[in-house]
1. Here are some residues: Asp107, Asp95, Asp60. Which one is in a helix (DSSP H, G or I), open to solvent by 70 Å² or more (accessible area, probe 1.4 Å) and either closer than 24 Å to Ala37 by Cα or touching a Phe, Trp or Tyr at 6+ places or on another chain (Cβ under 9 Å) (or both)?
2. Name every residue in region 63-87 that is assigned to a helix (DSSP H, G or I) and of a type in the set (S, T, N, Q), in order of residue number.
3. Residues in region 42-53: is at least one surrounded by fewer than 10 Cβ atoms within 10 Å (Cβ to Cβ) and either at pLDDT below 95 or not in a helix (DSSP H, G or I) (or both)?
Amino acid sequence: MFAPRLYFRARPTTTAVLRRCLGSTADAQTLDARLKADLKAAMKAKDKVRLPVIKGILSDILYAEKNPAGGASFSRGSDADVAAIFQRAIRRRNDSIESFVGGGREDLAETERAKLAILQDYLPT
């Protein structure tokens, strides 16, 4: 006789499944993981200010990962490397704010200040 056929498959236990089941603390997350979770939340909430900022930072991280500057290695898992990307983005925002204020465009300076506040939320105090 034939052996009975099983119609179900056991799901493999991955680290992602375990993390979902056991929960993870915010302290244990890397900046990259926190950014991805916040990207998903911003997309669901249709947050028009936070979403482009997070997408831009993730794009900068991907660019730094693919094109290391000066032969230096970059790691997504390293909070120090990701924090350096944040510092660069903050410096760009500050330069933009100065330019907009100097040019009399206070409306654009306010949007840059809002984006700057979002970036500063991710850096440790």
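1. It is Asp107.
2. Residue satisfying the conditions is Gln87 alone.
3. yes
The values are calculated or read from the model by the stated rules, or taken from the named source; none is laboratory data. On a predicted model such as this, the values are computed, not experimentally measured, just so you know. Note that each Cβ is placed from the backbone with ideal geometry, even for glycine, and that neighbours are counted across all protein chains shown. Only protein heavy atoms, including side chains, enter the accessible area calculation; ligands, DNA and RNA are left aside. Shrake-Rupley method; radii C 1.70, N 1.55, O 1.52, S 1.80 Å.
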